[in-house]
2 protein chains.
Amino acid sequence: MPEEPRWLNECEREAWLALASLMFKLPSALDAQLLRDNDLTLFDYFVLSALSMTPGRTLRLSALASQVSSSLSRLSNVLKRLERRGLLRREPDPDNPRYNRAVLTEAGWDLVVAAAPGHVAAVRRFVIDGLTSKQITALSEVAGRVTQQVNEAAAEDSRRDG
Amino acid sequence: MPEEPRWLNECEREAWLALASLMFKLPSALDAQLLRDNDLTLFDYFVLSALSMTPGRTLRLSALASQVSSSLSRLSNVLKRLERRGLLRREPDPDNPRYNRAVLTEAGWDLVVAAAPGHVAAVRRFVIDGLTSKQITALSEVAGRVTQQVNEAAAEDSRRDG
DNA sequence: CCGTCGAGGTTCAAGCTTGAACCAAATGCG
DNA sequence: CGCATTTGGTTCAAGCTTGAACCTCGACGG
């Protein structure tokens with residue numbers, strides 16, 4: 001283990017620095033737009049949006065957590081806030097009362113509908129519209145691959161010390 | 001303004017979802033490794049690492065803030081913690097005493113040196129090693145472009161309402 | 001049956017981030 | 001000059017995230 005690590009070469013470092021910079025800046029830029037225009041964080045928006053795209057506008061909490069890549073703990077806190085604002089409701093799952101589900105309310109639906117255009121415009125402005133369609137395809141592949149590797153690594157880790 | 005927005009097509013949405021997922025997961029995966037192995041957040045590491053790569057291991061605070069894409073406020077808080085741990089020092093800039101600089105201490109340098117291999121290994125594991133060299137080049141270009149667009153948008157905004 | 005284990009969720013304290021308010025030193029600029 | 005603005009930086013409260021501890025219920029083994 002204490003042998004000389006494989007450092008990044010020039011290209012690799014350049015790619016990593018660019019990605020790091022994106023990782024720091026893009027989330028706050030998107031957050032800022034949603035916060036200013038709709039008083040929602042990006043994460044809030046993802047939660048509401050995930051519900052809005054589901055038949056019945058309802059999801060079990062753990063399913064929702066995995067869709068938005070969050071811990072149950074974080075989700076639970078966020079749901080509390082969104083519920084207080086009347087954007088969704090928590091209730092026992094009628095199919096299996098030991099589970100809970102989140103249900104988007106009418107107000108929640110309306111808010112997603114109101115927020116979506118501005119959010120999509122921001123995504124276009126920051127990401128999509130500056131890229132060629134080849135680059136968009138490349139982005140899909142690369143981001144998909146990275147996500148997959150992160151997931152696999154997490155799975156390995158939990159297998160090892162779980 | 002209330003006209004029908006340009007929604008994302010299939011490819012675009014796929015790319016955006018993949019990128020969003022990356023944005024949520026990669027930072028916490030990298031954070032987790034550094035926190036576990038060196039008791040540093042990714043942001044802490046970037047700060048120390050930026051200093052360590054500079055001649056004199058010193059940077060003016062606002063230069064440092066812009067290198068790590070953070071507000072002065074956030075940087076100031078982080079510097080306070082790192083200074084308390086003895087990893088760096090804040091002192092007036094000798095060239096122009098109205099500025100302050102952060103100086104990496106010996107202990108800070110040693111910590112960066114100790115943390116770097118594990119961090120690079122994580123970057124390889126999560127990002128670099130799963131990509132072809134074409135994909136690495138594409139990633140550079142795409143991430144660079146996105147970052148640039150975010151910066152430009154920020155500049156426009158501040159020009160407009162500044 | 002009884003114990004215990006895991007899955008689904010919630011809670012709480014500790015820590016981090018954010019934005020607005022603030023201070024001091026320089027730099028206009030009328 | 002003299003006042004206002006800008007630049008560099010800090011601070012504080014409010015809000016958000018995290019992880020560990022906890023609770024409950026069903027499943028499973030003995």
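Results, tabulated for the structure shown:
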{"read-out": "Any strands (runs of 3 or more DSSP E) falling wholly within the stretch A:55-141 and containing at least 3 residues that are without any contact (Cβ under 8 Å) to a residue 60 or more places away in the chain, farther than 17 Å from B:Glu14 by Cα and under 20 Å from the mean Cα position of the chain (by Cα)", "value": "A:58-60, A:100-104"}
{"read-out": "Pairs, first assigned to a loop (DSSP other than H, G, I, E, B) in the stretch A:16-42, second surrounded by fewer than 19 Cβ atoms within 10 Å (Cβ to Cβ), C-beta under 7 Å, six or more apart", "value": "A:Thr41/A:Asp31; A:Thr41/A:Leu35"}
{"read-out": "Residue selected from the stretch A:4-35 under the condition more than 9 Å from chain B (Cβ to nearest Cβ) and over 23 Å from A:Ser70 (Cβ atoms), by the criterion most open to solvent (accessible area, probe 1.4 Å)", "value": "A:Glu10"}
{"read-out": "Residue satisfying all of: in the stretch B:36-45; within 12 Å of DNA strand D (Cβ to nearest atom) and in contact with a helix residue (DSSP H, G or I) (Cβ under 6 Å, 6 or more places away or on another chain); farthest from the other protein chains (Cβ to nearest Cβ) among these", "value": "B:Thr41"}
{"read-out": "Matching residues, the stretch A:57-76, being near DNA strand C (Cβ under 8 Å from one of its atoms), open to solvent by less than 70 Å² (accessible area, probe 1.4 Å) and not aliphatic (A, V, I, L, M)", "value": "A:Ser62, A:Ser71, A:Ser76"}
{"read-out": "Failed item in (1) modelled with pLDDT under 95; (2) open to solvent by less than 20 Å² (accessible area, probe 1.4 Å); (3) within 13 Å of chain A (Cβ to nearest Cβ), with B:Leu139 passing the rest", "value": "(1)"}
{"read-out": "Matching residues, the stretch B:117-132, being facing chain A (nearest Cβ under 7 Å) and farther than 16 Å from B:Leu30 by Cβ", "value": "B:Leu131"}
{"read-out": "Selection from the stretch A:86-120 of residues that are loosely packed, with under 15 Cβ neighbours inside 10 Å and either of a type in the set (Lys, Arg) or away from DNA strand C (no atom under 15 Å from the Cβ) (or both)", "value": "A:Gly86, A:Arg90, A:Arg98, A:Glu106, A:Ala107, A:Asp110, A:Val113, A:Ala114"}
{"read-out": "Members of the stretch B:57-84 that are closer than 19 Å to B:Ala116 by Cα and more than 14 Å from every other protein chain (Cβ to nearest Cβ)", "value": "B:Arg57, B:Thr58, B:Leu82"}
{"read-out": "Scan of the stretch B:97-113 for residues that are closer than 19 Å to B:Val78 by Cβ, among the aliphatic types (A, V, I, L, M) and out of contact with any Gly (no Cβ under 7 Å at 6 or more places or on another chain), ordered by number", "value": "B:Ala102, B:Val103, B:Leu104, B:Leu111, B:Val112"}
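The values are calculated or read from the model by the stated rules, or taken from the named source; none is laboratory data. This is a predicted model, so every value here is computed, not measured. Glycine also receives a Cβ, built like all others from the backbone with ideal geometry; neighbour counts cover every protein chain displayed. Surface areas here come from the heavy atoms of the whole protein model, side chains and all, with no ligands, DNA or RNA. Shrake-Rupley method; radii C 1.70, N 1.55, O 1.52, S 1.80 Å.
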